[in-house]
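J.: Dropping a structure here in structure tokens format, bear with me for questions.
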């Protein structure tokens, strides 16, 4: 059965949800209010997240607050009001747009009743990631994030459900010894130990994944292929752009976080240079810290890239704020200093595509494109080539005739301005990626060229 197929007879009715947002008089964490999304627009995004998770949204409520209530996050009166609404609508899940502390979650569950689940934006995103992770690595990264998020929030009801689901290891490996308890240990304490052991087990596996990826990246660098990483807000069109650039068939859907696992494809630029372009997980405002940490193995593909393509949905009314959220995440993972080409995507939604650039004119090195129609892609490829060339080393070398492999390397991975045959070898003036330039240090013009017998 293909990914898009639906078995109607097995579909259960979606859980009913209710959303809660807070309009802060000033942010508790010290951020400036002008950096914030209006609460109504943030709730629109939260509704899309809920629908992506398979939930039906029945309504929402907003409260203006100066600071979180220590017990119930929102005011006690507001919590009681929402509890009445929840009961009258038959709501199954109440979702908060801000992250709740373990105490907030427990107190709110007591107010809303045992049958109503209380979830925050972080927990919702974690659930979406769990649904969309298709590889063993992706599933384990999500499982790690879920455990680390839920460990301080454990109640006996949750551990009974979660450890039953994880018994035998949903993504590989066993939880180990669920029924073994020493004298005096409570079931909840033992469950915490089981989860901590599982966290340690997953971290060891992901360390191995990082080591494997590092070796793979080292092999790619030896081949000299420049690497380009697609980054951007979720649903900005990164996967569609990769498909259009490479002719690939990466899964695409008009939903948040449709793609989690990195996909790499070869793309040939106008000058003949071949680059590796990687589609990565989309970013989002209030991206959970647990996910940034857990997805380190995947996000290293971004950090190690030679160039970033920052894909922006130019048609989105909050495009500037989305771009800011992406830059904040790039800064958090240590990729803020990498060269960037800004791709203003979805300009097919404008009557005048140039209007997209004019509306976002303060974004550097930007090009208007439509990944859907192909508009602007040739200009984008030219910009990628120019940006990579700017990161290449300028060389003038005389390569001995017995080192044809280095001449081939220059043809395949570099940009040649001059090539001529001299009595002593092949004279080349051009550019090579900095990682490869050192291979020709012995043959730079003016250096003593080794004889064929020398290594």
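Read-outs: derived from the displayed coordinates by stated rules, not from any lab. Keep in mind that this is a model prediction, so the values were computed, not measured. As a convention, Cβ positions derive from the backbone with ideal geometry for all residues, glycine included, and neighbour counts pool all protein chains shown.
J.: Relative contact order of segment 345-418: what whole-number percent is it, with Cα pairs under 8 angstrom and at least 6 residues apart? If you can, show how the numbers build up before the last one.
T.: Details: 42 pairs, mean separation 15.1, N = 74.
Answer for segment 345-418 is 20 percent.
J.: Suppose each label sits 7 Å from its Cα in the direction of the beta carbon; what would the residue 15-residue 429 distance come out to in nanometres?
T.: So the two model labels end up 6.8 nm from each other.
J.: Sticking with this structure for a sec: With a/c under 1.5 counting as rounded, go ahead and sort segment 392-443 into rounded, prolate or oblate using the C-alpha gyration tensor (a ≥ b ≥ c being the square roots of the eigenvalues; past the cut-off, prolate if a/b is larger than b/c, else oblate).
T.: Working: a/c = 1.68, a/b = 1.46, b/c = 1.15.
Prolate, since a/c reaches 1.5 and a/b exceeds b/c.
J.: Right, here's the next one. Taking the Cα centre of each part, how many Å lie between segment 189-209 and segment 32-96?
T.: 33
J.: Let a ≥ b ≥ c be the square roots of the eigenvalues of the Cα gyration tensor of segment 12-127; is it rounded (a/c under 1.5), or, if not, prolate (a/b larger than b/c) or oblate? Don't jump to the answer; show the numbers that get you there.
T.: Working: a/c = 1.77, a/b = 1.26, b/c = 1.40.
Oblate, because a/c is 1.5 or more while a/b does not exceed b/c.
J.: At what distance in nm do the modelled label points of residue 214 and residue 441 sit from each other, each positioned 7 Å from its Cα along Cα→Cβ?
T.: 2.3
J.: Going by how many other Cβ atoms sit within 10 Å of their own, how do 244, 234 line up, fewest first? Mind dumping the intermediate values first?
T.: Values: 244 19, 234 26.
In order of increasing Cβ crowding within 10 Å: 244, 234.
J.: Still on this structure, I have one more. What ranking of 292, 384 emerges when the number of other C-beta atoms within 10 Å of each C-beta is taken as an exposure proxy, fewest first? List each step's numbers first, then the result.
T.: Working: 292 15, 384 24.
With the sparsest Cβ surroundings first, the list reads 292, 384.
J.: What percent does the relative contact order of segment 392-443 come to when contacts are Cα pairs within less than 8 Å and at least six residues apart? All intermediate terms of the calculation are to be shown ahead of the outcome.
T.: Details: 81 pairs, mean separation 25.0, N = 52.
With pairs under 8 Å counted, the relative contact order is 48 percent.
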